[in-house]
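Input: a single structure, listed below in structure tokens.
Where a number appears in this text, it was derived from the coordinates with a stated rule and is not lab data. From a predicted model like this one, the values you see are computed outputs, not experimental measurements. A quick note on method: Cβ atoms are made from the backbone with ideal geometry, for glycine too, and the neighbour counts reach across all protein chains shown.
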Amino acid sequence: MPHTEQQLRRDMVRIGRMMSEKGWLAACDGNLSARLPGDRILVTPAGACKGMLEENDPIVCGLDGKKIEGSGRPSSEIHMHLTVYQMRGDVGAIVHAHPPFSTGFAAAGRELNLGLLPEVIVGLGSIPLAPYGTPGTPALGESLLPYVEQHDAVLLANHGAVAWGEELMQAFFRMDKVEHFAHVTLVAELLGGAKALPRSEIETLFAARERYGIKSRTRFEQGSPIAAEDQPDVGEKLQMTREQLMAIIDDALKLRGVY
Ligand SMILES: [Zn+2]
């Protein structure tokens, strides 16, 4: 374990403040956790404002979620953290927040799956959208199950986002990348449509993932992320004569029984 418990507590205070300053958390939203030796984790307490966290606040829990040491209750979203630790032995820390652009995509039912930016493709591949699970219940952790092995960051429908890594700063940087990518994707869409990179380039970038120590998916699978060749052309123009158009409208009206 590269960090002592005291160092992890200090990192949590620092990252909680940065998340709050970045506007990723309203009031007491979000939570952080890190793995400790002996099947234990350190997790932020329920109801704590992450921007005002103190080193003594994080609580020590077992991998079964039961409190071992500390005052207060562990975060109500601890199920989600436990699911990831149980499935991924390489994960040492998890960051959960409600950053506005990522959460906007999650609330619109949109995953971040376009192959747009080289750094995002190398670092994260694509960011899927887990179906809605009620916060504070095991349903939230269960909604993540299909995505944990293959991904390092996931959007949570109608809720927010979660990212994990070998240590806290890596998990925080991944969340930072997700939020930046959500922002860039939105701007590109406002400017007329995000244009994905070609499949061959995405394959080249995926081949670099192993070199960067990425432990999740290292092989590109078609559609995750979506390449230029697979992108639906929403701006495609169709040509037809007035007669052809009138015939289509006529058929549609007949089908609906208008005449
Ligand atoms: Zn949340």
For the stretch 5-190, with +1 on Lys and Arg beta carbons and -1 on Asp and Glu, the positive-most of 61, 109, 80 along the dipole: 61
Modelled label-to-label distance, residue 230 and residue 188, 7 Å Cα→beta-carbon offset: nm? 1.5
Per-peptide average of other Cβ atoms within 10 Å, ordering 101-109, 195-203 highest first: 101-109, 195-203
Distance from the Cα centre of the stretch 51-122 to that of the stretch 131-164, in angstrom? 9
Would you work out which of 41, 171, 100 lies farthest towards the positive end of the dipole of the chain, given +1 charges on the beta-carbon of Lys and Arg and -1 on that of Asp and Glu, about the Cα centre? 41
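Once the Cα gyration tensor of the stretch 12-63 is found, what semi-axes does its equivalent ellipsoid get, as square roots of 5 times the eigenvalues, in whole Å, sorted largest first?
Details: eigenvalues 88, 19, 16 Å².
Output for the stretch 12-63: semi-axes of 21, 10, 9 Å.
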Report the residue, chosen from 23, 51, 92, that carries the largest GNM mean-square fluctuation when the chain is represented by alpha-carbon nodes joined by springs under 10 Å. 23
With a cut-off of 8 Å between alpha carbons and a minimum separation of six or more residues, what is the relative contact order of the chain in percent? 17
5 Å binning of all Cα-Cα separations within the stretch 124-233, expressed as whole percents from 0 upward: 2, 11, 18, 22, 23, 15, 8, 2, 0
Which whole number in µm²/s is D for the stretch 1-136 by Stokes-Einstein, with the Kirkwood Rh taken over Cα pairs at 37 °C and 0.692 mPa s? 207
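Å³ per residue of the Cα convex hull, for the stretch 190-243?
On the way: hull volume 6.2 nm³, N = 54.
In the stretch 190-243, the Cα hull volume divided by residue count equals 115 Å³.
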Using 0.36 nm times the number of residues separating residue 107 and residue 221, minus their current alpha carbon distance, what extension gain do you get? 38.5 nm
For the chain, calculated [θ]222 nm from helices alone, where every DSSP H run of n ≥ 4 adds -39500 (n - 2.57): -11500 deg cm²/dmol
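What FRET efficiency would be calculated for the residue pair residue 87, residue 242, taking the C-beta separation as r and a Förster radius of 45 Å, to the nearest 0.05? Provide the component values of the computation, followed by the final result.
Details: r = 59 Å, r/R0 = 1.30.
After rounding to 0.05, the efficiency reads 0.15.
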Alpha carbon Rg of the chain, scaled by the compact-globule rule 2.2 N^0.38 Å: 1.20
Can you pull the three principal axis extents for the Cα set of the stretch 65-113, in Å, largest first? 39, 26, 14
Per the charge dipole of the chain (beta-carbon charges, Lys/Arg positive, Asp/Glu negative, Cα centre), the residue among 153, 187, 20 reaching farthest to the positive end is 20
